[in-house]
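Below is one structure, written out as structure tokens, with a few remarks after it.
Quick note: the coordinates plus some simple rules give every number you see, no bench work behind them. None of the values given here were measured: they were computed from a predicted structure. Heads up, the Cβs are rebuilt from the backbone with ideal geometry, glycines too, and the neighbour counts pull from every protein chain shown.
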Amino acid sequence: MHLTAVLQAPAAIQIHLATVPPALAIGTWQIFLSTKGARLHRAFGFTYLALMTVTAVAAVFIRSVGRGGLTPIHLFVPLTFFGVFAAVWYVRRGHIRGHRSAMLGLYAGMLVAGALAFLPGRLLHHMFIG
């Protein structure tokens, strides 16, 4: 693993990479292990949504791939914002199915975007694959 690439990366990439692992861990715990509706579930859910929001905001400023503009992976930014908004909207109205769907969509989107981040030419590909 080439950690120097992250240390030399722009701040937006560093912030993005710092928020994704805890979001992935919290999201996995929330879906598979937590007691839904419990105080701890709500606290971790709030933290997860905050991390996902910071991740999406940081992604807007990541322009080092391609010609310095937005790439198709940036489509996950508005999807993330929509998912965060929908998750809060639904849970505040007691619509648990909608909340669950929004949260599962956020999690699935994170997994897909994460997989795409390992494509050749991207920093994670360079770090882990070479």
Filter result for V112 (of a type in the set (V, I, T), part of a helix (DSSP H, G or I) and under 23 Å from I31 (Cα atoms)): yes
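Taking the residues in segment 1-38 that are hydroxyl-bearing (S, T, Y) and either closer than 20 Å to H74 by Cα or within 13 Å of the chain's Cα centre (by Cα) (or both) as candidates, determine which candidate is surrounded by the most Cβ atoms within 10 Å (Cβ to Cβ). Even if it seems obvious, please write down each step before you answer.
The initial filter retains those residues of segment 1-38 that are hydroxyl-bearing (S, T, Y), namely 4, 19, 28, 34-35.
This time we only want the ones that are either closer than 20 Å to H74 by Cα or within 13 Å of the chain's Cα centre (by Cα) (or both), so: 19, 28.
Values: T19: 20, T28: 13.
Per the criteria, the residue is T19.
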All positions within segment 1-16 that are touching a helix residue (DSSP H, G or I) at 6+ places or on another chain (Cβ under 7 Å) and free of Cβ contacts under 8 Å to residues at least 24 places away in the same chain: Q14
Segment 52-103, residues that are exposed (fewer than 15 other Cβ atoms within 10 Å of the Cβ), assigned to a helix (DSSP H, G or I) and not aromatic (F, W, Y): V60, P72, L75, P78, R92, I96, R97
